[in-house]
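Take a look at the structure set out below.
The values are calculated or read from the model by the stated rules, or taken from the named source; none is laboratory data. This one's a predicted model, so the numbers in the text were calculated from it and none came from an experiment. Positions of Cβ are backbone-derived with ideal geometry, glycine not excepted, and every protein chain shown enters the neighbour counts. For the accessible areas, the whole protein counts, side chains as well, though only heavy atoms, and no ligand, DNA or RNA atoms are used. Shrake-Rupley method; radii C 1.70, N 1.55, O 1.52, S 1.80 Å.
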Amino acid sequence: MTLDPVHVDSIADLAAYLASQVDDTDHVDVAARIWSEFLDPLYGPDGRVVIEPVGEQRLRAADAASVALADSPFETVHGLDSGTINPTTFKNGLVVDLAQAAMASVPSNLDLHRHRSIVAATHVTDATVPLDEPWRKVDEGYCRWRVLNAPRVSRYAEGIVHALALYLAESSHALERADQVSDLLILDGPLYPVELLNWRERDAELRALSEELKPRSIVENYVRLVESFVEREVPLCGFVKNPASKRIVGTLRDREGDGAVDVPWTDDAAFFTRLLERRDGEGDPASDKPTHGREGRHTAEVTFTNWFVSRGGVDATVAADGDAYGVERRLNPELYETCFFTIYEPQTDVLYRVETPRAFARDEALREALTRQFVGEVAARRGPPEAVAKADELARISAGEKSALRQKFEETLETDEIKRYDELRWGDIG
């Protein structure tokens, strides 16, 4: 125990002081105002439409018990995820991250589950070392692996090898196994490779890197994946478990003059959570101050929004008027635009974001089927859909496996991993 009772009491006093100074009772009114006045559509400072509804704009609720027991609109559902060992730096100057991607199916398909795509992304400062390798197959063809050498940079080497390994493994595995998906594929995470798209918004070195062939070829994989599913009329979605985008709150903060809004939230997830969460006393003028804490939250219904098309932030890259990272689009550019809706699960107090290309969201019947699928699964599982959870389990590399793989690299490379104090103190922090 590092805190004495006096310290605990002091922290309680500190919390009480903060509570007296920070009053969020009007935040529900701010959220309602933004919802009713600014999102149909939401204009950026330059007059460009950043967010607009697909179909009717409305807030919805579904009885959690009933929707959880409803029949699935899709006969089979596939999920896909990629897990990594996290970037590792060695004393010989090599930086490596290794990712494996796996696809899961509901109902289960053990043959499909056995297939893996493994990518080792590397960064070396010696330009004369040729590390790129084509795909090689092992395990009777069920597994394939390759090495990808990252472009040389003076900074960000660890983040770059992580992004390249993760997204190449995920996108290439999805393309390789796409024809085995007949009804619905859900990526564990965003529809497009957000980290790569973000490079354009960072400093000059990362912006220059975004022009390189290797990151562009990975973005192209996602564009081709969308085209493949659109052409086969099989819906493709991304399930974002930790949405952190600031498309809405950032745009509202940038507004000037009469259209300016004092936004109290740091990201869109906080805004949608406040909008969708329902508590005792809120919305009732005759009630006392709304109840806060788990005991005051209504938990019988899962709440969710309609679908929106997003053209702000990194979504601007794949918008109809964006350049798609320099990748050629073979279909109408509007079909690639990112559409999303949010789901709030009250038992766990967690918000999720579901994404799909506009090619699928523009169809009202399909849009409603996707809504019922995700709302039903979130209600039933109080978390991600089953196919996503299974893919996560297949692709995850455990802490013990990460340690063993790093040791194998050390033995083979005849060098040691560079250790950091936090790893000694806390163990594997990845």
FRET efficiency estimate (nearest 0.05) - Cβ-Cβ, R382 to S403, R0 30 angstrom: 0.45
Total charge of the residues flanking E231 in space, meaning their Cβ is under 12 Å from its Cβ, with Lys and Arg +1 and Asp and Glu -1, is 0
Tell me which label goes with the value of Rg and Dmax of the Cα atoms in Å computed from the coordinates here: [x] 24.2, 80; [y] 23.3, 75; [z] 22.3, 73. [y]
Whenever you get a sec, compute what percent of the accessible area on the chain sits on carbon and sulfur atoms (1.4 Å probe). 49
So for the chain, averaging the separation of alpha carbon pairs under 8 Å that are six or more residues apart and normalising by length, what relative contact order in percent results? 22
Starting from the amide H of V50, placed 1.01 Å from N in the peptide plane, find each other amide H under 5 Å away whose residue is 5 or more places distant or on another chain. L42, Y43, G44
Can you find, among A150, L168, Y192, the residue sitting farthest towards the positive end of the charge dipole of segment 115-234, where Lys and Arg contribute +1 and Asp and Glu -1 at Cβ? A150
Taking a straight Cα-to-Cα line shorter than 16 Å from K241, and setting aside same-chain lysines fewer than 8 residues away, one finds K390
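Just how large is the dipole of the chain about the Cα centre, in debye to the nearest 20, putting +1 at every Lys and Arg Cβ and -1 at every Asp and Glu Cβ?
Working: 50 positive and 77 negative charges, 196 e Å.
For this selection, approximately 940 debye.
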How much area per residue is accessible in the chain when the probe is 1.4 Å and only protein heavy atoms are counted (Å²)? 48
Once Lys and Arg get +1 and Asp and Glu get -1 on their Cβ, which of H78, A99, V124 lies farthest toward the positive end of the dipole of segment 59-127? V124
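Sequence gap at least 6, Cα distance under 8 Å: using those rules, report the relative contact order of segment 63-141 to the nearest whole percent. Kindly include the intermediate steps, with their values, before the conclusion.
Values: 89 pairs, mean separation 18.9, N = 79.
Reported relative contact order: 24 percent.
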Would you tell me the accessible area of E328, worked out with a 1.4 angstrom probe on the heavy atoms of the protein chains, in Å² to the nearest 10? 120
Which FRET efficiency, nearest 0.05, do S154 and A70 yield, Cβ-Cβ r, R0 60 Å? 0.65
When the charge dipole of the chain is computed with +1 on Lys and Arg Cβ and -1 on Asp and Glu Cβ about the Cα centre, the Cα farthest towards its positive end, among L366, S398, G313, belongs to S398
About its Cα centre, how strong a charge dipole does segment 1-129 have in debye, to the nearest 20, once Lys and Arg get +1 and Asp and Glu get -1 at the Cβ? 780
